[in-house]
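Throughout, read-outs are computed from the coordinates displayed, never taken from laboratory work. Values in this document were obtained by computation on a predicted structure and should not be read as measured data. Cβ atoms come from the backbone with ideal geometry, glycine included; neighbour counts cover every protein chain shown.
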């Protein structure tokens, strides 16, 4: 195994690019793959993310590149636009002392701009299968003189349904070209693809030790999604990091988190794939110079981050795979220093966290989250909001019930209203009836009074007879 990059016989300009990126010695995948690739062999490299596989195929491509030619000499296919951008950036950095031109072709970018760049000198194309095939069909891209074709993360590429596009692109390249296939796993689809398009490729397999740094304390808290932001703020206050990286799974989440932290007075900046290379380099320089304290980043944008002094890593979102978790956690505890990695997970993600702990052969401790001022205030505010919401629902329900009752009683009300209408002449008839009843009442009253008077008179006569006696 080579102990230095000089042993590969790289040209001085390439060695300077390696030195600029602080690469010390080849990783296992680089040490085994680079000599075979330089010898012109087709190669299958099976290794996990974070093992240095990108440089394993980029360095030999740059070594054999002929900058004076205008032809596209290498095509690198990737499953995602983020990875395409990252690999193009890696090529530009490693080959910055060479006159190399690299172009990333992916969706989400103006195709007219890509067409304009393709009219200029391009040595290496990195791209997603769909967009590369689109250019091929437009005849804006020609592969007649490609010497090297790379399928990076082939398992993910086929898993995402790109098999047909990959086969079309492979068939469009010259028969005498070198094919390099890199994949974390080797499912049957990938094996069949290798058998169909590769010539007796040696299979390099780097065993995945997957052990995280022992100096890193790994913790997770079970938190409801609605409490996450407040929980993060409480943890930032209680842990008081010197420098910290906060990872989220999407660019939108990164932007929201950064805006919230900045609003509360935290020195935070966002790093994600859509930022220009110049902006990303500027942010990383400022972070290393401690111009700000919190870097909020996605996985793709943060690949290769190596910053001394990062005391804490926060997984605001749990990563999608074990490799990403290892990569994130490894951003702290650098150069033998102690570090802390804290993950915020939902109750349903406990099983995933346990699988990560088993795979990384590390102790990942669950701790009970003690509510601080942010979480307490947030929960009170959310309780008020819930109560207001339910009160509004009750009011709306009462209103709907009243309307429903009114709707049901509408036919009866209409009937009563119709019956209450007075026909012509009815008032006169009603007045006569009232007068009749009044007259009858008066006559009856008078008869009753006369009858009472007679009875009173009859009682007086016997008394008078008694007095005569």
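Brief remarks follow.
- Relative contact order of the chain: 14 percent, from C-alpha pairs under 8 Å at least 6 residues apart in sequence.
- The angle between the Cα long axis of helix 188-197 and the main principal axis of the chain comes to about 40°, on a 0 to 90 degree scale.
- Antiparallel bridges, percent of DSSP beta bridges restricted to region 216-377 (to nearest 5): 0 percent
- Efficiency of FRET from Cβ geometry, residue 240 and residue 387, R₀ 41 Å, rounded to 0.05: 0.75
- For the peptides 139-146, 99-106, residues were scored by their other Cβ atoms within 10 Å and the scores averaged per peptide; the highest-first order is 99-106, 139-146.
- Distance (nanometres) between label positions extended 7 Å along Cα→Cβ at residue 69 and residue 175: 1.9 nm
- Look at the Cα gyration tensor of region 284-389: its axes a ≥ b ≥ c give a/c of at least 1.5 with a/b at or below b/c, and that counts as oblate.
- Sorting 197-206, 74-83 by their mean Cβ neighbour count within 10 Å, with the most densely packed peptide first, gives 74-83, 197-206.
- When peptides 39-48, 180-189 are ranked by their average number of other Cβ atoms within 10 Å per residue, the highest-first order is 39-48, 180-189.
- Sorted largest first, the principal axis extents computed over the alpha-carbon atoms of region 216-377 equal 40, 38, 28 Å.
- A helix-only calculation puts the chain at -16500 deg cm²/dmol for mean residue ellipticity at 222 nm, using -39500 (n - 2.57) for each DSSP H run of at least four residues, averaged over all residues.
- Cα pair distances exceeding 45 angstrom across the chain, given as percent: 36 percent
- Using a cutoff of 8 angstrom between alpha carbon atoms and counting only pairs six or more residues apart, the relative contact order for region 5-205 works out to 29 percent.
- With 0.36 nm allotted per residue and the present C-alpha distance subtracted, the residue 189-residue 264 stretch has 22.0 nm of extension available.
- For region 5-205, the C-alpha radius of gyration sits at 0.95 times the compact-globule guess of 2.2 N^0.38 Å, with N the residue count.
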